[in-house]
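Worksheet: the structure to be examined is printed underneath.
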Ligand code: IPE
Ligand code: IPE
Ligand code: MG
């Protein structure tokens, strides 16, 4: 398979799903599935960057995921701690800038500090931007943005009719990041699960049965090839 003559989507957003099913298939604890998922993610950051993707956004933990068992949430937090340190090294070695979206104040202080270190330590990198959505929910993001818009308008006394889509988008966590061209969901579910509700308005969707820990370069290439065969609603046929 080759991506020769293929248009590479500028921004790819992924719902990395199926860690639990991957573990279940092997008769091992769910936490092992999440660990395998983190290993895949680490590899895919490099692959996405080498493929020429400029923005790679992944859904790591949703606002709804706190409802999982205490044991599973605890295991995920431990994985964040471990992989954040590794990610700083990988991002630095690959000129990748890391940005977190979501509401981070709910995390333990050491995780919040780890996130800050990752963002500040990579902010001058000029290669791919790797966006991680944690404690992220599309509705939560829109409500938080709306609150800030109201406060700003109250303070300035400006007429609310000046608020347009671009101005509103500048209050979202993704301010300054172009909307995803392609959204990939692994493990076959046909839903958005509260992911990037505003930003995915016109993105192409690609759903694969591949479980996230099994995802790799070849699977990404399949998604890009499918993307190239789509007639986009805006902007006409995708061109290389
Ligand atoms: C995705 O895998 C990872 C997170 C949501 C943190 P799941 O844990 O949702 O895996 P399944 O859906 O149970 O297979
Ligand atoms: C979406 O996957 C959230 C993340 C990938 C972090 P879930 O597995 O949590 O979504 P649902 O519960 O199946 O909708
Ligand atoms: Mg799931």
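Of the candidates 165, 221, the single residue that is more than 16 Å from ligand 1 (Cβ to nearest atom) and farther than 27 Å from residue 83 by Cα is 165. Selection of first residues in region 21-39 that are within 20 Å of residue 209 (Cβ to Cβ) and of second residues that are part of a loop (DSSP other than H, G, I, E, B), restricted to Cβ pairs under 6 Å at least 6 apart or on distinct chains, gives the following pairs, ordered by first then second residue: 21/211; 22/211.
For the structure I just gave you, tell me whether residue 90 is under 27 Å from residue 181 (Cβ atoms), touching a helix residue (DSSP H, G or I) at 6+ places or on another chain (Cβ under 9 Å) and in a loop (DSSP other than H, G, I, E, B). Taking the combined requirement at face value, the residue does not satisfy it. Among residues belonging to region 52-78 that are closer than 18 Å to residue 173 by Cβ and in contact with a helix residue (DSSP H, G or I) (Cβ under 6 Å, 6 or more places away or on another chain), point out the one that is farthest from ligand 1 (Cβ to nearest atom). Result: 56. Restricting 8, 53 to those that are under 19 Å from residue 129 (Cα atoms), touching a strand residue (DSSP E or B) at 6+ places or on another chain (Cβ under 8 Å) and in a loop (DSSP other than H, G, I, E, B) reduces the list to 53. Of the residues making up region 3-20, just one is without any contact (Cβ under 8 Å) to a residue 24 or more places away in the chain and more than 15 Å from ligand 2 (Cβ to nearest atom), namely 4. Within region 93-105, being at pLDDT 95 or above and surrounded by fewer than 14 Cβ atoms within 10 Å (Cβ to Cβ) holds for 93, 95.
When the residues of region 57-93 are filtered to those that are under 19 Å from residue 126 (Cβ atoms) and within 18 Å of the chain's Cα centre (by Cα), the one that is nearest to ligand 3 (Cβ to nearest atom) is 57.
Tell me the residue from 32, 44 that is within 16 Å of residue 216 (Cβ to Cβ), in contact with a helix residue (DSSP H, G or I) (Cβ under 8 Å, 6 or more places away or on another chain) and more than 8 Å from ligand 1 (Cβ to nearest atom), please.
44
How many residues does region 165-203 contain that are within 13 Å of ligand 2 (Cβ to nearest atom) and outside any loop (DSSP other than H, G, I, E, B)? Residues flagged as within 13 Å of ligand 2 (Cβ to nearest atom) and outside any loop (DSSP other than H, G, I, E, B) within region 165-203 amount to 3.
Here are 112, 96, 143: which of them is away from ligand 2 (no atom under 16 Å from the Cβ), without any contact (Cβ under 8 Å) to a residue 40 or more places away in the chain and either under 13 Å from the mean Cα position of the chain (by Cα) or within 26 Å of residue 44 (Cβ to Cβ) (or both)?
Unique residue meeting the criteria: 112.
Taken together, the residues in region 1-16 that are within 16 Å of ligand 3 (Cβ to nearest atom) and in contact with a helix residue (DSSP H, G or I) (Cβ under 6 Å, 6 or more places away or on another chain) amount to 1.
Select from region 197-209 the residues that are more than 21 Å from residue 7 (Cβ to Cβ) and touching a residue at least 40 places away in the same chain (Cβ under 8 Å) and write down the one among them that is farthest from ligand 3 (Cβ to nearest atom). The qualifying residue farthest from ligand 3 (Cβ to nearest atom) is 198.
The values are calculated or read from the model by the stated rules, or taken from the named source; none is laboratory data. Keep in mind the model is a prediction, meaning the values are calculated, not measured. A quick note on method: Cβ atoms are made from the backbone with ideal geometry, for glycine too, and the neighbour counts reach across all protein chains shown.
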